[in-house]
Amino acid sequence: QVQLLESGGGLVQAGGSLRLSCTTSGSIFAPDLMRWYRQAPGKQRELVAGITRGGSTNYVDSVKGRFTISRDNAKNTVYLQMNSLKPEDAAVYYCNALQTVHSYWGQGTQVTVSL
């Protein structure tokens, strides 16, 4: 059984920073691809950032230059450093791990950004 556990969400003022973490456990090690998604109320879930096992990254345009995704394969953990947060970044953030054809999701962590 594979589990993904996210942490690090919370309330922050606009312009502030948060770092999300997602640790995998169970029968999975160094997934091929790890991604962060987010979903705001009334909106579709969107891909925020992804990172391959080898460290190649990609970002949605709206977070480029502000967010950084990284991973520590030895710790089975992926991070999302979020700087210069904006109210439009508020959402539930979900971690996703892709291993061959299997996709696994965490339960989500809430990020709230106040003015």
- Message: Quick check on the stretch 85-93. Is at least one of its residues assigned to a strand (DSSP E or B), open to solvent by 60 Å² or more (accessible area, probe 1.4 Å) and under 15 Å from Y37 (Cα atoms)?
- Response: no
- Here the qualifying pairs (Cβ atoms under 8 Å; residues six or more apart or on different chains; first in the stretch 4-24 and over 30 Å from H102 (Cα atoms); second outside any strand (DSSP E or B) and hydroxyl-bearing (S, T, Y)) come out as G15/S84; S17/S84
- Message: Being within 17 Å of A91 (Cβ to Cβ) and either in contact with a Leu (Cβ under 7 Å, 6 or more places away or on another chain) or not aliphatic (A, V, I, L, M) (or both) is the filter here; which residues of the stretch 1-14 pass it?
- Response: E6, S7, G8, G9, G10, V12, Q13, A14
- Task: Scan the stretch 95-113 for residues that are open to solvent by 40 Å² or more (accessible area, probe 1.4 Å) and assigned to a strand (DSSP E or B) and jot them down.
- Result: L98, Q99, H102, S103, Y104, W105, Q110, T112
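Yes/no per residue for (1) in contact (Cβ under 8 Å) with a residue 40 or more places away in the chain; (2) in contact with a Ser or Thr (Cβ under 7 Å, 6 or more places away or on another chain):
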{"residue": "G26", "(1), (2)": "no, no"}
{"residue": "R35", "(1), (2)": "yes, no"}
{"residue": "Q39", "(1), (2)": "yes, no"}
{"residue": "I51", "(1), (2)": "no, yes"}
{"residue": "G55", "(1), (2)": "no, no"}
{"residue": "Y59", "(1), (2)": "no, no"}
{"residue": "Y79", "(1), (2)": "yes, yes"}
{"residue": "M82", "(1), (2)": "yes, yes"}
{"residue": "Y93", "(1), (2)": "yes, yes"}
- Taking only pairs six or more apart or across chains, which ones have beta-carbon atoms under 9 Å, a first residue in the stretch 62-74 that is in contact (Cβ under 8 Å) with a residue 24 or more places away in the chain and basic (K, R), and a second residue that is in a loop (DSSP other than H, G, I, E, B) and open to solvent by 50 Å² or more (accessible area, probe 1.4 Å)? R71/R53
- Which of the following residues is open to solvent by 50 Å² or more (accessible area, probe 1.4 Å) and under 22 Å from P87 (Cα atoms): T68, T57, T23? T68
- Filtered residues of the stretch 28-41 (kept if modelled with pLDDT of 95 or more and either on the phi > 0 side of the Ramachandran plot or assigned to a strand (DSSP E or B) (or both)): L33, M34, R35, W36, Y37, R38, Q39
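The values are calculated or read from the model by the stated rules, or taken from the named source; none is laboratory data. From a predicted model like this one, the values you see are computed outputs, not experimental measurements. All Cβ positions, even for glycine, are placed from backbone atoms using ideal geometry, and neighbour counts span all protein chains on display. In case anyone asks, the SASA skips ligands and DNA or RNA and just uses the protein heavy atoms, side chains included. Shrake-Rupley method; radii C 1.70, N 1.55, O 1.52, S 1.80 Å.
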